Each structure stands twice: as C-alpha cells, then as structure tokens.
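The values are calculated or read from the model by the stated rules, or taken from the named source; none is laboratory data. Quick caveat: nothing in here was measured; it's all calculated off a predicted structure. Every residue, glycine as well, gets a Cβ built from its backbone with ideal geometry; the counts of neighbours run over all protein chains shown. The area values use the complete protein model at the heavy-atom level, side chains included, leaving out ligands, DNA and RNA. Shrake-Rupley method; radii C 1.70, N 1.55, O 1.52, S 1.80 Å.
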Amino acid sequence: MIAKTQQLKAAFDEKLSAVQASAEIDAIRIEFMGKKGAVAALMTELKNVPNEQKKEVGQLINELKQHIEASMQAKLAELKKAEEEALINATESYDESLPMLTQEGSYHPITLVQRELEDIFTSMGFHIEDYSEITDDFNCFEALNIPKHHPARDMQDTYYLSSGQLLKTHTSAAQNTIMKKYGAPVRAIFPGRCFRNEKIDACHENTFFQMEGLMIDEGISISNLIYFMKTMLSEVFKRDIKVRLRPGFFPFVEPGFELDIQCLICNGDGCPSCKNSGWLELCPCGMIHPNVLKYGGIDTEKYTGFAFGLGLTRLAMMKYGIKDIRVFNEGNLKALSQFNDK
Ligand code: FA5
C-alpha cells in the first residue's frame, strides 16, 4: 500500500505538470479526488491493510490528499494568471476616431435640487454634513425627545434591522451627532435618504429624500427661522409661491410649525399630488427643544436654535411639475433625464 500511494503521487505529479489550461484541472480533480477516483479507491483498500500498518498508511493517504489539493490550487492560480495576462496582452485593433456609442448620462432631479439648495445654504454660511442611512434608536428617536413608547413614533413606521439598528426615518437622526461634533454656534445642512414603511401613493414613497438644517447660536429666534425659509423658497422657485405656516407637533421642537406650499401642479385646486388639499406639506420646522440641545451637549442658558426638515423629493416634484412621486425611484431614464439643465 505504501508503494501504491507513492506511485499514485508520482502519477498525479506527472499529469498535473502536463496540464496547459485552467479548464483541464477539473478533469484531474475528478480522476484523483472524485467519488470514484484513485484516492477513493486507495481508501477502500485501507481496510485490507494489517492493523499495525493502518495508522502509517492512513497518514500517507491523508498527506497525498493534501498534496493533490494544494498542488491543484497552486497550478490553477498560476494558469489563470497567465491566461489573464495573455488576454490583456492580446492586441485588439480599434478605430479611435469612431464616435462613442454610449448615451451621455444625466443628473437625477433630486440631485439637481439638492445641489441647488446646497449652494443657497452654503452662501448663507451653512456647511454640508453627510450622515449614514443606518442609525440607531438613540439618534433617530431618544436624542430627539421621543422616548420608547412615545406615540410620536407611530408617525414613522420604521424598518428595523436584525442587528437592532434601523434605517433612518428622517434626517433629524443626525442632529445629535452634529451638535456633539461641532458644539455651538453651528449652521449645518444634511441631506439624506429616509425610509418609512408607507402606503405608497402619488405623494408618499417608502424611500424619499429630506434635507435637514439647523442653526444654533446666541439669540436665535423664530424670525431667523422664517427669514431662512423664505429666502430658500424664493431662491429655489425664483417666482412668487404661496406658503402657509401652521402649528405642527414634533417632540424635538418647541414651538413647531408645518410649512406648506400651495400645490404647483394644480395651483391650489386639489389633485392626487397634494391629496386634493391644494397644499403640500413641505418643510416642518421649529425652535429646537431644550432637551434636544442638552442631549447634544449644548448650553441651553446661552444658546437657542432652529431646525427644519425639508421634503427634498416633494420639493423636486413641485419644482419640475412631476405629478407622481413614484417617478423618482422607477429608474425610467427617459423620464428622469428631461430635467437636466447642467
Ligand atoms: C420629519 O421628518 C421631521 N423630522 C421634520 C422636522 C425637522 C421637524 C426639524 C422639525 C424640525 P415629517 O414626517 O413631516 O417630519 O417629514 C418631513 C417632510 O418629509 C414632509 O413634510 C414631506 O415633505 C417629507 N416626507 C415625509 N414622509 C414622506 C414620504 N413618505 N414620501 C415623501 N416625502 C415625505
């Protein structure tokens, strides 16, 4: 048996050294390591070996198996590398003067609106922050004055991950991190994708964009908030639009407001895009609740601030006259490319 094992090893080495292409390795694997292969046959014979030799022969067969596997792997890697290099080196001739066949890409309407807003806010001294789409209960709710079992959680049907984390339901989830990172004074905007388990219709998606903004400094009041909101809207629409400010409840602001704009699809008459109300909820906002400032490590005796959570997807609908929010996520390039004015 010992001699047989050695012969098999020699036979394998000889066959492997003759292999020229990676595709041939499989045949060798089957011949030697397959269910009915040479090594399996050797294992069957092991039962006939006298007991005192079994251990030694068994060990030899195991070593042979390891040798075969390792050698095949090394050979495969060597052959694949050579084959890839040969492919790269293969000279292909092509005509450099031919026009490109690919169609030029275009920006998504949300990207266009987001960039426009970023320009407006950076010109007013805000800086842009980035924030991850996966967050946790503390950042998304608790640090925003929404403790566990608070009814306000029902307004945002949340996707939880098996890790215990969650997909952020609103960009406000970044407020605490930003306060801790920069302290006060601070002016920041943070656009991002949000996720809610929503019943989808012409103005609700389960995946949509918001742009959060916050400003914290000494002596900040509601008039500052209204000034920034007005400036932002007049810059984006570049024409007169009707807005209304009404009280709105969010546990993380006090007082809180809902800033609606008159629907630009139906000019206020009512249509599916505005749920037939003539108005579209666009930008809730308010003065940051002192508890939220405290969670963020801000001195509430010295500083106050405002925050807003602009519905970026809905803003893009209004700006470009897109009647149905589902267009944004459908991936219909023909529909999405028509708004490009780069
Ligand atoms: C919030 O998400 C608050 N975090 C906003 C906020 C920030 C308030 C800071 C106060 C201070 P709300 O759930 O209303 O609020 O969403 C904000 C905006 O996001 C809405 O006005 C709307 O324009 C947009 N929005 C909300 N849900 C959807 C949805 N399912 N599809 C598309 N847009 C949505």
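Evaluate the following for residue 281: is it within 19 Å of residue 192 (Cβ to Cβ), within 9 Å of the ligand (Cβ to nearest atom) and not in a helix (DSSP H, G or I)? Answer is yes for this residue. For region 280-321, a residue qualifies if it is under 30 Å from residue 202 (Cβ atoms) and open to solvent by 10 Å² or more (accessible area, probe 1.4 Å), and the qualifying residues are 281, 284, 309, 311, 314, 319, 320, 321.
Yes or no, residue by residue, for (1) within 14 Å of the ligand (Cβ to nearest atom); (2) closer than 20 Å to residue 290 by Cα:
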| residue | (1), (2) |
| --- | --- |
| 107 | no, no |
| 121 | no, no |
| 126 | no, no |
| 134 | no, no |
| 149 | no, no |
| 156 | yes, no |
| 163 | no, no |
| 167 | yes, no |
| 174 | yes, yes |
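For region 113-140, give me the residue count where each residue is within 23 Å of residue 318 (Cα to Cα), within 21 Å of the chain's Cα centre (by Cα) and either of a type in the set (Gly, Ala, Ser) or surrounded by fewer than 18 Cβ atoms within 10 Å (Cβ to Cβ) (or both). Number of matching residues: 2. Taking region 1-18 as the range and being surrounded by fewer than 17 Cβ atoms within 10 Å (Cβ to Cβ) and hydrophobic (A, V, I, L, M, F, W, C) as the test, the residues that pass are 2, 3, 10, 11, 18.
Here's the yes/no breakdown for (1) free of Cβ contacts under 8 Å to residues at least 40 places away in the same chain; (2) part of a strand (DSSP E or B):
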position: 132; (1), (2): yes, no
position: 153; (1), (2): yes, no
position: 179; (1), (2): no, no
position: 210; (1), (2): no, yes
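Considering 203, 266, the condition of being more than 29 Å from residue 303 (Cα to Cα) and more than 10 Å from the ligand (Cβ to nearest atom) is satisfied by 266 alone.
The set of residues in region 21-53 being open to solvent by 70 Å² or more (accessible area, probe 1.4 Å) and closer than 21 Å to residue 3 by Cβ consists of 31, 43, 44, 47, 48, 51, 52, 53.
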